[in-house]
């Protein structure tokens, strides 16, 4: 497992200008119910918009309110928040001003610790495969401050800045969310780890699952890393190059360079 010093958010769009909303949105891995990294780290919000437009955003909650401004350049915009202490919930609203006005809002956003659960079949082993699976699933609603997100299995030979598909959007845990078919969702190790952390720390925990059984480390490496190691022409590594979450996230500016084991 890696500690993910990342700070993100996702989007549910409120219709305002239908055409503008085709362009103006948060990156795909932001959404309602998500967890952003708490202080002392600084959460990053970014998305897509119409070049030259001004974006005004607000973070509103009982604990504090924040405002900020960004501008769309090369089709994307980015805001880095001041550090926010653990807690919530918050609503995040972004307005795109200009000829293509639009508004998008995220609700029930928490701040806490965000963890990336990656690996092979040991991490892909699902909660439904535990010997006490039904008991664990019944306990899930008792931990509403542990939020889960799962990346879908996709192959890409190029670095992407956005996830092409999501298996489980940011969600409050429930028996249905955690109890998917075997080796689909949700990771038993990831969930039990996050639940333990919450019981110990008593503040929100976000769990991002991205694992694929039988994949070598080369499958999780960018083309640049493979080239540097002299592996860019190895056909088996090319075929194995699946699920590129770390590559995708690095390209999307979600992963801090200080990723720690």
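The values are calculated or read from the model by the stated rules, or taken from the named source; none is laboratory data. Model, not experiment: these values are computed from the prediction. Positions of Cβ are backbone-derived with ideal geometry, glycine not excepted, and every protein chain shown enters the neighbour counts.
Restricting the search to region 120-138, which residues are in contact with a helix residue (DSSP H, G or I) (Cβ under 9 Å, 6 or more places away or on another chain) and exposed (fewer than 14 other Cβ atoms within 10 Å of the Cβ)? Hits for region 120-138 are 122, 129, 134, 138.
Reported count of residues in region 83-110, each being under 28 Å from residue 207 (Cα atoms) and in a loop (DSSP other than H, G, I, E, B), is 4.
The single condition from (1) modelled with pLDDT of 85 or more; (2) in contact with a helix residue (DSSP H, G or I) (Cβ under 8 Å, 6 or more places away or on another chain); (3) over 26 Å from residue 206 (Cβ atoms) that residue 73 fails is (2).
Taken over region 76-113, residues that are in contact with a helix residue (DSSP H, G or I) (Cβ under 8 Å, 6 or more places away or on another chain) and more than 26 Å from residue 173 (Cβ to Cβ) amount to 4.
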